């Protein structure tokens, strides 16, 4: 019995040694990719386009979302061209450019974006996509003891004869802020996104109808529901991003060239209007 | 039914033969255990004709009538022995080689030389693993692993360090068929693939085909590994076992009915869980496996074999039970279960038949409990198959093989059952049952044209029946050998292989839980055409031989996944699959010494492997992940004395390819309420990890041989990765002390000492 104990003791030591002798990792040189301009645009309902300009960065830079501001590109020339007219964008804050001079965004019309910063120039062209509105959107609230179930029923008509891709977003107003403040809707932190639905019109026939349950809401919260008719490339980009934060997907990363419609850069020159609906749940 | 009878008549009627010559036939056996000896050489001296025993130990040779014949039997394990037999009548009997004790009474010649055999046969790209030698080689934790030994041969590239996944001649990991007693083993790895499921004590023979595939094999593109287990001693009981650092094993064999029936049963269990428990740590992960076989000689012409393998990897994490709301539990069971029943029958001295019924299952269950919420995921692939193979030994120059096999594959991936909130994240799905039937009819002839030329030509007709479609193929196989002189030969082989299933693996890592899926109306079968040339040089003086081979392989309908695919628990995998093609070429050198105090081999592979998919890498060709340019191995065993031996393995291998993230940028999320980091990848597989090299050593100390005592034992003391060098398996970005960042490649296993004790009586 003593020898068995001795054997097991030695065994434990050897097993520990087995797992403790981790070899020293070997350094490897990987040439970083070229730093490129990154564009993201958003048309907001009063015919203003916001263009955000940043730069890509090396994985060795240690950047996190906390130092996004250091990547914003100031002093760039940003123009939007359409119908032989050129609209200059002014820099409202570092890296944020606004096209206030644009007369209006005409559905089906082609627009070109040019952004120049130092020796870097990026361009992109995109057609203004037709706005698609909800036919109906209606929240319903089921109040239970200690629990509230919130559902949103909505439907909309697909634009016939062309392929379309849609993005439906559901936002919740941040806690302890009553009502919805539409004026700072696009600013980070004003609302939190609670659900996104990506739809291709191949998945339904003419009319889309759904009733979705929204989590983590109280009876007196407010929600925002938006519907956007988006570009196929942007639809694919968002599709690739779905569920990328999970542990399983981290283990299972497939190399991926994210789509972009920016020449010589990354990001998206988006030309679509969202349909926006606000709801104070206490009313339902 | 009529068609079946005609087919059966065709198969069996091959057996008619002329009475002008005599046939010498029978099984070649070990006289002590009565175990049949596979692939041994049978040489009829006066007729200057030779044949090999087949995979069941049977041989048949037609020679002219003569007063006396001398037969010489030689195998890699036993010294060559010779017998005189009457040559004027046909003989069908069991032949026994001579053991060490009996050798004084007979003419003793050298053991069968594998090098000489290669000069005399048509085989190209075929390797046979010497199990005895494999057991003396170093291994992680002292656990002998024949799949890892196979990975040391040229043309077989390894996947992740320490893993059992392998890649043959530029093929993918799912293109290797592994058979144990004719049953497919879908998952050959225990403990996340770091140990193979094959207990070394039960393996009699292991043959790997990298090309030049015989027509009776089908179903995979790149390699066939055919493992035969021991039948069990028909004379006396034997116990063989071992205690290693990670597992222990025992094998018992013996007669059920002396000289008529025998059994073999073997078991292994790992005890990492138990050892860590002693150290106060809870690692509730272990594996076990069981092998069992019964061998019955029904009559002189009939034998029946029942063989089974059962193994599981079990993980059981237990959380606190006290608080039912916060309690947690997680477990998984993953395993193979195979059974085969084989009946061999000698229809007449020239016609040998084997009927096999095979069942194999690979399944895994994952269950989780988070308070009152439960999760259960089940996946399985199951085969029911039958094959009927015939070998017709027409004469010493011609041998026909023909047969038919049918397999019903049943795939049931990702049946998910969840309760309460878990079902919001993981939807319940039934795991759709997909069933296919795969058939193959083949015929193959080996023919000696003259003293210099030999040819082996065959045709196989694989088919797969799926719902709504039938895929058919024509799969020609051919080997041609030219003997330059007694010690040199050149050979050529061509083959076309079809594969009707594929495994879903991420390009970044293969997991034991990767699932198998069938082809469909949209996903076509994979096809590979391969041509190989070989030069064999036997050097009797040095008891060594050299094999130099070159190959080119073109693969169609290879499967990959669309960029950005989510593979785990995705039941709509078909939408994610894309098909393309690939090609690989290379040359392989093997210098091997099988006899003497010093044995071993040097292997070198130079290979190039590319893939091309319209949807990947902008449609441009790219290097395959396991495109490893150079692979060098040095394997040696030095028998210092009858009691002491030393072995070493050195290997050096170009690193696997990878696709690093070379940049990042920020983009708003879908709702523009925050930003996400978007990675920018380099061109697919454009970077190579650092070259991996490693030295492993092992000392064996055997007990003294005491006359009359059956008990013997040996100690194995060794070390893996002696100089503690990392074999890169992934790329990470880490922070330096000065705050800057760098790319680095960690390795899995460093210096690992090992000690093991083996015994038999």
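Measure off 7 Å from each Cα along the Cα-to-Cβ vector at residue B:552 and residue B:269, then give the distance between these two points in nanometres to one decimal.
Using points 7 Å along Cα→Cβ, the separation is 5.6 nm.
Roughly speaking, what % of Cα-Cα pairs in segment A:78-152 are separated by over 15 Å, rounded to a whole number?
Values: 1930 of 2775 pairs.
Tail fraction, whole percent: 70.
Order of B:653, A:21, A:89 from fewest to most other C-beta atoms within 10 Å? Numbers along the way, then the final one.
Numbers: B:653 22, A:21 16, A:89 26.
Fewest-to-most ranking of B:653, A:21, A:89: A:21, B:653, A:89.
Starting from the exponent 0.38 and prefactor 2.2 Å, build the expected Rg for segment B:639-761 from its residue count and divide its actual Cα Rg by it. All intermediate terms of the calculation are to be shown ahead of the outcome.
Details: Rg = 24.7 Å, N = 123, 2.2 N^0.38 = 13.7 Å.
My calculation over the Cα atoms of segment B:639-761 gives 1.80.
Averaging over every viewing direction, what projected area does the convex hull of the Cα atoms of segment B:131-228 cover, in nm²?
Working: hull surface 24.2 nm².
Mean projected area for segment B:131-228: 6.0 nm², to one decimal.
Give me the percent of Cα-Cα pairs in chain B that sit more than 44 Å apart, rounded to a whole number. Could the numbers behind the result be given before it?
Values: 74889 of 289180 pairs.
Roughly 26 percent, once rounded to a whole number.
Tell me, Kirkwood radius of segment B:224-375 from alpha-carbon pair distances, in Å?
Numbers: mean 1/r = 0.0536 Å⁻¹.
It works out to 18.7 Å.
I need the Kirkwood Rh of segment B:153-198: take the reciprocal of the average 1/r across all distinct C-alpha pairs and report it in angstrom.
Values: mean 1/r = 0.0897 Å⁻¹.
One over the average 1/r among Cα pairs gives 11.1 Å for segment B:153-198.
How large is log10 of I(q)/I(0) for segment B:358-497 at q = 0.11, 0.19 Å⁻¹ when the intensity is taken from the Debye formula with one equal scatterer per alpha-carbon?
-0.65, -1.09
Normalise the Cα radius of gyration of segment B:183-247 by 2.2 N^0.38 Å (N = residues in it) and let me know the number. If you can, show how the numbers build up before the last one.
Numbers: Rg = 15.2 Å, N = 65, 2.2 N^0.38 = 10.7 Å.
Scaled against compact globular proteins, the figure is 1.41.
Expressed as an acute angle from 0 to 90° and rounded to the nearest 10, what is the orientation of the C-alpha long axis of helix B:2-13 relative to the principal long axis of chain B?
The angle comes out at about 50 degrees.
Taking the convex hull of the Cα atoms, report for the protein assembly as shown its projected area averaged over all directions, in nm².
On the way: hull surface 198.5 nm².
One quarter of the hull surface, i.e. the mean projection, equals 49.6 nm².
Just report the Cα centroid separation between segment A:75-92 and segment B:629-667, whole Å.
58
So for segment A:37-127, what percent of the C-alpha to C-alpha distances run longer than 18 Å?
Details: 1809 of 4095 pairs.
Taking all Cα-Cα pairs of segment A:37-127, the fraction more than 18 Å apart is 44 percent.
Please sort B:589-602, B:192-205 by packing, taking for each peptide the average over its residues of neighbouring beta carbons within 10 angstrom, highest first. Walk me through the numbers before you get to the answer.
Details: B:589-602: 17.1, B:192-205: 22.6.
Order by mean packing, descending: B:192-205, B:589-602.
Taking only DSSP H segments of four or more residues, each worth -39500 (n - 2.57), what value at 222 nm results for chain B once the sum is divided by all its residues, to the nearest 500 deg cm²/dmol? Please report the intermediate quantities before stating the final value.
Numbers: 6 runs with 40 residues, N = 761.
Estimated from H runs of four or more residues: -1500 deg cm²/dmol.
Contact order normalised by length for chain B, with contacts defined as Cα pairs under 8 Å and 6 or more residues apart; what percent is it? Let's see the in-between values first.
Values: 2132 pairs, mean separation 76.9, N = 761.
That works out to 10 percent.
None of the figures in this text is laboratory data; all of them are computed from the coordinates on show. What you see is a predicted model; the values in this text were computed from it and never measured. Reconstructed Cβ throughout: ideal geometry from the backbone, glycine too, with neighbour counts over all protein chains shown.
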